[in-house]
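Report on the following structure.
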Protein chains: 2
Amino acid sequence: MAPGRLETATGCCPPGVAAELSTRKSKAKAEGKPSPHHDIVLRTIRLLVADLCQQFGGGHPGGPIGMAAIGVALWKYAMRYAPHTPGYFNRDRFVLSNGHACLLQYIFLHLTGYRSMTLDQLKSYHSERPDGICPGHPEIEHEGIEVTTGPLGQGVANAVGLAMATKNLAATYNRPGFDVVSNHTWCMIGDACLQEGVALEAISLAGHLRLNNLTIVYDNNQITCDGSVDLTNTEDVNAKMRACGWHVIDVEDGCYDVEGIVAALEESRSSRSKPTFINVRTVIGLGSALSGRAEAHGAAFGKDDVAKMKRENGFNPDEHFVVGDEVREFFGDLPMRGEELVAEWEVLVERFSRKFADLGQEFRDRVRGEIRSSWKELIPTNFSNQPTASRASSGLVFNPLAKEIKSFMVGTADLSPSVNMAWPGKEDFQHPDLRTTCGIDGRYSGRYIHYGVREHAMCAISNGIAAFSPGTFVPVTSSFFMFYLYAAPAVRMGALQRLQVIHAATHDSIGMGEDGPTHQPIELACLFRAMPNLLYIRPGDSEETAGAWEVAIEAKGTPSIISTSRHKIPQLKETQREGVARGAYVLLEDDQAEITLIGVGAELSMALDVAKALKEENSIRARVVSFPCWRLFEKQPVEYKRGILRRQRGIAAIVIEPYVPNGWERYADAGICLRRFGYSLPEKAVYKFFGFETRSLASKVVEYLDGLNKGVYIRGEFVDL
Amino acid sequence: MAPGRLETATGCCPPGVAAELSTRKSKAKAEGKPSPHHDIVLRTIRLLVADLCQQFGGGHPGGPIGMAAIGVALWKYAMRYAPHTPGYFNRDRFVLSNGHACLLQYIFLHLTGYRSMTLDQLKSYHSERPDGICPGHPEIEHEGIEVTTGPLGQGVANAVGLAMATKNLAATYNRPGFDVVSNHTWCMIGDACLQEGVALEAISLAGHLRLNNLTIVYDNNQITCDGSVDLTNTEDVNAKMRACGWHVIDVEDGCYDVEGIVAALEESRSSRSKPTFINVRTVIGLGSALSGRAEAHGAAFGKDDVAKMKRENGFNPDEHFVVGDEVREFFGDLPMRGEELVAEWEVLVERFSRKFADLGQEFRDRVRGEIRSSWKELIPTNFSNQPTASRASSGLVFNPLAKEIKSFMVGTADLSPSVNMAWPGKEDFQHPDLRTTCGIDGRYSGRYIHYGVREHAMCAISNGIAAFSPGTFVPVTSSFFMFYLYAAPAVRMGALQRLQVIHAATHDSIGMGEDGPTHQPIELACLFRAMPNLLYIRPGDSEETAGAWEVAIEAKGTPSIISTSRHKIPQLKETQREGVARGAYVLLEDDQAEITLIGVGAELSMALDVAKALKEENSIRARVVSFPCWRLFEKQPVEYKRGILRRQRGIAAIVIEPYVPNGWERYADAGICLRRFGYSLPEKAVYKFFGFETRSLASKVVEYLDGLNKGVYIRGEFVDL
């Protein structure tokens, strides 16, 4: 096998298991019985779901009950993983995109032997226990959970990212006889995920990339909250998936036909050049009084119905959370089988490292999530003093890093010519057989990703790449800042999951000009400055852009947005890259200053220009503070913060930023900001239109100081100038 | 024809024009010539695009040049509209979803005789003129523009909304022989729109709804910014559209074959039960040196290339913006034809109103955009004093209005059981032939829309419905508040376009409980409170919820989000619906108060409870302010604002809201807020977990007042308690 091509791996179950299961099933069928082998397992799981929801009268029972047979097929037969070594690097990844069905996953984590998922923990589902590990949607912090899901559709894109991560690692490190990375990604979805745009974007891209190591298992119960799916969706989903380049397999009886599901899963694992979509017909809330109805989705069934279900299944209605010995035995071999996989892989990596010393060392570093300690040396120490767009600065700073360090997977939502994230000699991440009309040859070892005009999927896929294993990848996305509003749900999920993804957002100011108000961000920074565990950084020139990238790369466990200008901005001799890490720092000090001017990002130089004009034309002395990042500033000691702002010494501060000022009130007494949408005019004209010119800005500062003296303005009341 | 079914209307061009054009074309082809009829028109338009971009060295020439023949087919032959009466109610709607190609639309508005679009105005494209009507993307404020576009994919969803508006009006008002509403919606898209999730959601829904009055014309040039489309998309787009329930027509030569395009457009207008997708092969930047290349997309061609293009097309390279007489004549009949359409329609409506007096009156009110003046009387004046979830209050307030007033089109993204927006007896908006599995019969006159799990499309479609004609519809959307982050780009576009859409957002607090941090909004209000021209309102009980809906319905030209709780909240005797309109008002006054407590929405009652506890247990007197809406408060006179907050009298204010506090610094000195993501626990437990209980809150207030006295805290420095 040629390097760079991922050989299809065999399943966790011994070869031929699907055939054996099939024979057993045919025999039972001939005798007119259900397949006895799985019967008690399915009953147990379904009743466990009913009990877990019933105990506190809440939760989502319908989905997990319908998916029980799919769960058995996946966890017992198809997936390769190690319950006692949850972090096993080459494990199959499982994503529950319909995260509200989390009980399915929790129950299988319990049954297959994940140590933290005790029966006691299972019972914490929807309880008031703050130490529970069974939240209402799966959370990445807990053993056996690959990504946090809940907002629908995200998981599909995450799964695409996980599969891309595998492809890239396999193409980079596998050598004939040494498939050190060969895992498969499995993604469960419900009817809703297929309606969400982010999933549709990711599905289209996955088909294009021919990710044959990805399987979507569609829990097709034709029910959503509002009723039957045909209220809102009557498309031919299989035909749609085929049109998107997917291999499609139907399973008619997804409630009981474990054997049929296993056969489909095995077939998908051996798909040669397409991702697989397995359309499994199930019944929501099977066996309950609400079977097949929307009402089974999001509420406990009630005591009587659960008791009735138990009686009908031969269980004692007065006993709860019953898992019999034969069920325990059924799953009992999985931890050991998992440990065997881990041991085999470790031997393989050992042999690989001996045979390919440098590559082996590099691979081990990737597994440990380490990048070379000298990475900062790749960043330029000096920049031209000519005006430079900070999007260009971003390229100057980051391109050398992207070129040298394989952890960086860099993509763009169709804005390569604008965002400057493509380094000289970059290779595209594409299926090896691809030859594009515009002359690009594909290879999975490429690390530059053309996401297409799919901002939301780009960021959600990047979360998936980052989630592959801590630090193995640092994905970078790029687009216009305004379009990160399309991607904001994924940016949020990254912040929530502590996934380090760096978003290179350009055109972040009205100065981007003539594309007009739809493209000019005015209020968007308010979202990202508020979002927990996200660094939103607006550097003011190349030097600060270097600082922004340094901060973002060092911020393990935290995503960043580096927000840069389309237009050329002056290079300032006063800026310091180290200042960025503290969030704000003094650019121009003056102990006799009457006013502090706060400048930011693309408009930072304006603050310096205004200070100069005030001194020369109005004899007013001003200090200037550069303030690229609120969150980093908030982390500083109070003495540092007061030293920067000096408001407690009675010096008022005015922020200059053509964004909505909400939140600046914490740091400033007045703002020359914008509280309306932008306007379509070229750069200089639009700044003029909104009064962002030195003379106009200076006169507003004078007006403010006058108003303060005359009592028109009161300290403590923020003034919009 | 049965009422409620829209008969397919004939085109603007006389019957048989497609056949005649076809004959003419065949003759030219037999003689080995291009169709002479359109030759000079296409040359003129293409050179005009090149000139308009070249004059200031910017813009997007490639797309409009490629689409010139499509433009001729649409504006000359297919579309029914009235250049001299741009607001003609029954006009065809045209949406340019690939809005960067706006020059196409501007040029056709000019050539077809829209009075405001003079040649002088055309030349303002990318100029520094602030009075220009040719912004970088089409803007709804200007004559002949139906919706503002730019962020890709939005226009597709807008067009779906426009087509739905037609279907609903036609089904409601048309009677045999009286098709008072019969217009068609045309939507141009590029390769990128087909990649955006919001478009894919809307396409799926449009197919389900069988909107045969909708045509998407796909400018298929296989080029996006990064290069050829096959870098990112190799799906079978026609098969995908067919799977989504669309009729598909191919046009091979979209650069010159006006006749073929007209035939396809006519065929689409007569589609019986499906929306139509016309896949037109074009060449970006045709005839320029960059023809067929990504570089033709977003930059002027350069002086030499434009000159060369002119020479090759028989134009004088030294003359610019040339529109010859024969081209003027070619389009010269359109204003008169338009006025004839207007006159015919007015006669029809006149006859209709005589024959169906009440219906006619109602229809005229809808055309004028008026709802009955007594609408407020439909809102309950009293509510139960039992604890009520404010999402339930929302239903109590709005359901009677939705039932009675046909202007309201109310939809949900698959959360009917949760959002309480379905009124008793509501009828679903569905294709009349639909019978769903769960027993729903469809009719286009229905006004309850099941959008499916497509939040983004829901809001973008609602913008389209609202844009049909001012005030004719007031669309209402509903979902969990957190999922409005998926829809935020569309909410923004509504605010930018001054479209009145009301978003009923529930589960707006950590109190929504066990669904956990993915569903608990913490920072989202920061976005919507900052978004210009949007009212974000958090009412604190049923009475305030009544006030919120009153404000939202009165806010013509402004969208609103009414943000309500999942869980039951106390009903307060102090609240006043009129108070909501002022943004904030005093709930509990005390002239000797030491502190002002600001309460909001689902947690409003906590502020009152804390005030009571402080008085009883700490002898601290507190005032309480209810603060449901920042933007409404900002509109009040300064005296009112100071009277509410009293901070200038030295009384500090503390806000209690489990959201990120950014922006509250304008109104408060300290906040008991959240600066981290939420947590999966049931309602009471999650409030306890984060300290939102009376005793804990009160002790923080005491701590703050102590800290203030001791100088630990300094007034003017916002404190996170």
Subject >> Environment charge at B:Gly59 (Cβ cut-off 11 Å; Lys +1, Arg +1, Asp -1, Glu -1) >> reply: -3
Original post:
Once you average over the residues of A:652-665, how many Cβ atoms of partner chains fall within 10 Å of each Cβ?
Top reply: 3
**OP:** Grab the other residues whose beta carbon is less than 13 angstrom from that of A:Gly207, score K and R as +1, D and E as -1, and report the net.
**Re:** +2
Original post:
Taking the Cα centre of chain A as origin and charging only Cβ (+1 Lys, Arg; -1 Asp, Glu), how large is the dipole, in debye to the nearest 20?
Top reply: 1060
Original post:
For A:Lys700, what accessible area in Å² do you get when you roll a 1.4 Å probe over the heavy atoms of the protein chains, rounding to the nearest 10?
Top reply: 50
Original post:
For B:Pro176, which inter-copy label distances result when the label point lies 7 Å beyond Cα on the Cα-to-Cβ vector, reported in nm to one decimal and in ascending order?
Top reply: 8.1
**OP:** Name the residues of the range A:514-545, by number, that are at least 40 Å² less accessible with every protein chain in place than in the isolated chain; the surface is that of heavy atoms, probe 1.4 Å, without ligands or nucleic acids.
**Re:** A:Glu514, A:Asp515, A:Pro517, A:Thr518, A:Glu523, A:Leu527, A:Ala530, A:Pro532
**OP:** Could you pull the accessible area for B:Cys187 with a 1.4 Å probe, rounded to 10 Å²?
**Re:** 0
**OP:** Starting at the first residue of the range A:288-303, write each ³J(HN,Hα) from the Karplus equation 6.51 cos²θ - 1.76 cosθ + 1.60 with θ = phi - 60°, in whole Hz, x for Gly and Pro.
**Re:** 8, 5, 9, 2, x, 10, 4, 5, 6, 5, x, 8, 4, 7, x, 4
Subject >> Chain A residue with Cβ closest to the axis mapping A onto B, distance in whole Å >> reply: A:Gly197, 1
Original post:
How far is the Cα center of the range B:230-247 from the Cα center of the range B:601-677, in Å?
Top reply: 53
Original post:
With a sphere of radius 9 Å drawn around the Cβ of B:Asn313, what net charge do the other residues whose Cβ falls strictly inside it have (Lys, Arg +1; Asp, Glu -1)?
Top reply: +3
Subject >> Computed Kirkwood radius, in angstrom, where 1/r is averaged over Cα pairs of the range A:614-709 >> reply: 15.0
Subject >> Assigned charges on the beta-carbon of Lys, Arg, Asp, Glu; the protein assembly as shown dipole about Cα centre (debye) >> reply: 540
Original post:
Given Cα pairs under 8 Å that are at least 6 residues apart, what percent is the relative contact order of the range B:375-569?
Top reply: 25
Original post:
Where a ≥ b ≥ c are the square roots of the eigenvalues of the C-alpha gyration tensor, would you call the range A:375-569 rounded, which needs a/c under 1.5, or, failing that, prolate if a/b is larger than b/c, or oblate?
Top reply: rounded
Original post:
Once the Cα gyration tensor of the protein assembly as shown is diagonalised, what are the square roots of 5 times its eigenvalues, in whole Å and ordered largest first, as equivalent ellipsoid semi-axes?
Top reply: 44, 42, 36
Original post:
How large is the accessible surface per residue of the protein assembly as shown, computed with a 1.4 Å probe and reported in Å² as a whole number?
Top reply: 32
Subject >> Reciprocal of mean inverse Cα separation for the range B:277-352 (Kirkwood radius, Å) >> reply: 16.4
**OP:** Please report, as a whole percent, how much of the solvent-accessible surface of chain B comes from carbon and sulfur atoms (probe radius 1.4 Å).
**Re:** 49
Subject >> With 5 Å bins from 0: P(r) over the range B:399-475, alpha-carbon pairs, percent >> reply: 3, 15, 24, 28, 21, 7, 1, 0
**OP:** Working with all protein chains in place, sort A:Arg43, B:Arg293, B:Arg623 by solvent-accessible area computed with a 1.4 Å probe, largest first.
**Re:** B:Arg293, A:Arg43, B:Arg623
Original post:
Could you give the angle, 0 to 90 degrees to the nearest 10, between helix B:694-709's Cα long axis and the longest principal axis of the Cα atoms of chain B?
Top reply: 80
**OP:** Name the residue farthest towards the positive end of the dipole of the range B:375-569 from the options B:Gly442, B:Asn420, B:Tyr484, assuming +1 on Cβ of Lys and Arg, -1 on Cβ of Asp and Glu, about the Cα centre.
**Re:** B:Gly442
**OP:** Please work out how much accessible surface B:Arg443 shows to a 1.4 Å probe, ignoring ligands, DNA and RNA, in Å² rounded to 10.
**Re:** 90
Subject >> Cα gyration tensor shape for chain A, rounded if a/c is under 1.5, else prolate or oblate >> reply: prolate
Original post:
Taking Cα centroids, how far is the range B:304-338 from the range A:294-328 in Å?
Top reply: 77
Original post:
Percent antiparallel among DSSP beta bridges with both residues in the range B:17-338, to the nearest 5?
Top reply: 15
Subject >> Using alpha-carbon coordinates, inclination of helix B:455-467 to the longest axis of chain B, degrees >> reply: 70
Subject >> Shielding by other protein chains, B:292-303, mean Cβ within 10 Å >> reply: 1
Original post:
Looking at B:Ser393, B:Ile502, B:Ile562, which one has the Cα that reaches farthest to the positive end of the dipole of the range B:375-569 (charges on Cβ: Lys, Arg +1; Asp, Glu -1)?
Top reply: B:Ile502
**OP:** Averaging sequence separations of C-alpha pairs under 8 Å and six or more residues apart, then dividing by the length of chain A, give the relative contact order as a whole percent.
**Re:** 12
Original post:
Considering only chain A, what is the antiparallel percent among its DSSP beta bridges, to the nearest 5?
Top reply: 15
Subject >> Gap separating the Cα centres of the range A:30-108 and the range A:483-512, nearest whole Å >> reply: 35
**OP:** Only counting protein heavy atoms at a 1.4 Å probe, give the residues of the range A:237-272, ordered by number, whose accessible area falls by 40 Å² or more when the other protein chains are present relative to the chain alone.
**Re:** A:Lys240, A:Ala243
Original post:
Could you give, in nm with one decimal, how far B:Lys688 is from each other copy of that position, shortest first, with labels 7 Å out from Cα toward Cβ?
Top reply: 6.5
**OP:** Compute the accessible area of each residue in the range A:416-432 twice, once for its chain alone and once with every protein chain present, using a 1.4 Å probe on heavy atoms, and list those whose area falls by at least 40 Å².
**Re:** none
Original post:
Of A:His38, B:Val410, B:Gly132, whose Cα points farthest to the positive end of the dipole of the protein assembly as shown (charges on the beta-carbon: +1 Lys, Arg; -1 Asp, Glu; origin at the Cα centre)?
Top reply: B:Gly132
Original post:
Is there a simple number for the mean count of other chain Cβ atoms within 10 Å of the Cβ of residues in A:67-78, and what is it?
Top reply: 0
Original post:
If we hang a label 7 Å off Cα along the beta carbon direction at A:Gly643, how far is it from the matching labels on the other copies, in nm, shortest first?
Top reply: 4.7
Original post:
Counting only protein heavy atoms and rolling a 1.4 Å probe, how much accessible area do A and B lose on contact, total for both sides, in Å² to 100?
Top reply: 9000
Original post:
Calculated from DSSP H runs of 4 or more alone, at -39500 (n - 2.57) each and per residue, what is the 222 nm mean residue ellipticity of the protein assembly as shown, nearest 500?
Top reply: -12000 deg cm²/dmol
**OP:** First check a/c for the range B:17-338, with a ≥ b ≥ c the square roots of the eigenvalues of its C-alpha gyration tensor; if it is under 1.5, answer rounded, and if not, answer prolate when a/b is larger than b/c or oblate otherwise.
**Re:** rounded
Subject >> Considering only the range A:555-673, percent of DSSP beta bridges that pair antiparallel, nearest 5 >> reply: 20
Original post:
Ignoring the sites themselves, what is the longest stretch of chain B with no GluC sites (Glu not before Pro) in a DSSP loop and at most 16 other beta-carbon atoms within 10 Å?
Top reply: B:428-588
Original post:
Given charges of +1 on the Cβ of Lys and Arg and -1 on the Cβ of Asp and Glu, with all other atoms neutral, how large is the dipole of the range B:584-720 about its Cα centre, in debye to the nearest 20?
Top reply: 260
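The values are calculated or read from the model by the stated rules, or taken from the named source; none is laboratory data. Predicted model only: the values in this text are computed from it and were never measured. Cβ atoms come from the backbone with ideal geometry, glycine included; neighbour counts cover every protein chain shown. Side chains are part of the model used for accessible areas, which takes the heavy atoms of the whole protein and leaves out ligands, DNA and RNA. Shrake-Rupley method; radii C 1.70, N 1.55, O 1.52, S 1.80 Å.
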